[in-house]
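Q: The following block contains the structure, expressed as structure tokens.
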């Protein structure tokens, strides 16, 4: 998927997440938002994998552990969801999403926080 397509995909995911947050508001568990966003994206015709395992390997190929990406959309975009206070101190969340990007071999991720009164987005590119 080229850069322009990724940007369009990010726009669709952001708009869909915004619509979900407008309906549900904040205060639910992360899993509720994960299920809701996955369902709405699938209804728009996108392929969505939930809790996709991502292998982390050492330089010699030895598997060191697994990450589980909340959503993997259109085989191109990692979406990490949070339901926490505002992302003012979001360094751990950003580090987590960057780890997912590196482990998956992808270049793009969206970090979405449903837990604040206003939905928050961070677009990450490796």
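Q: Going by the structure shown, is residue 95 touching a strand residue (DSSP E or B) at 6+ places or on another chain (Cβ under 7 Å), surrounded by fewer than 21 Cβ atoms within 10 Å (Cβ to Cβ) and without any contact (Cβ under 8 Å) to a residue 60 or more places away in the chain?
A: Against the criterion (touching a strand residue (DSSP E or B) at 6+ places or on another chain (Cβ under 7 Å), surrounded by fewer than 21 Cβ atoms within 10 Å (Cβ to Cβ) and without any contact (Cβ under 8 Å) to a residue 60 or more places away in the chain), residue 95 does not qualify.
Q: Let me ask you something else. If the requirement is being in a loop (DSSP other than H, G, I, E, B), touching a strand residue (DSSP E or B) at 6+ places or on another chain (Cβ under 9 Å) and crowded, with 16+ Cβ neighbours inside 10 Å, which of these qualifies: 46, 41?
A: Sole residue among the options that is in a loop (DSSP other than H, G, I, E, B), touching a strand residue (DSSP E or B) at 6+ places or on another chain (Cβ under 9 Å) and crowded, with 16+ Cβ neighbours inside 10 Å: 46.
Q: Need the failing condition index for residue 28 against (1) over 13 Å from residue 81 (Cβ atoms); (2) touching a residue at least 40 places away in the same chain (Cβ under 8 Å); (3) not in a helix (DSSP H, G or I), just the number.
A: Against the list (1) over 13 Å from residue 81 (Cβ atoms); (2) touching a residue at least 40 places away in the same chain (Cβ under 8 Å); (3) not in a helix (DSSP H, G or I), residue 28 comes up short only on (1).
Q: Moving to a separate point now. Kindly establish whether residue 100 is free of Cβ contacts under 8 Å to residues at least 40 places away in the same chain and surrounded by 11 or more Cβ atoms within 10 Å (Cβ to Cβ).
A: Judged against the criteria, residue 100 is not a match.
Q: Counting residues that are farther than 20 Å from residue 18 by Cα and more than 10 Å from the chain's Cα centre (by Cα), which strands (runs of 3 or more DSSP E) fully inside segment 49-115 reach at least 2?
A: Per the criteria, 63-73.
Q: Still on this structure, I have one more. Kindly provide the set of residues from segment 33-66 that are without any contact (Cβ under 8 Å) to a residue 24 or more places away in the chain and closer than 17 Å to residue 119 by Cα, ordered by number.
A: 35, 36
Laboratory data are not the source of any read-out in this text; all were calculated from the coordinates shown. Note that the structure is predicted; figures quoted are calculated from it, not measured. Note that we place each Cβ from the backbone using ideal geometry, even for glycine, and neighbour counts take in every protein chain shown.
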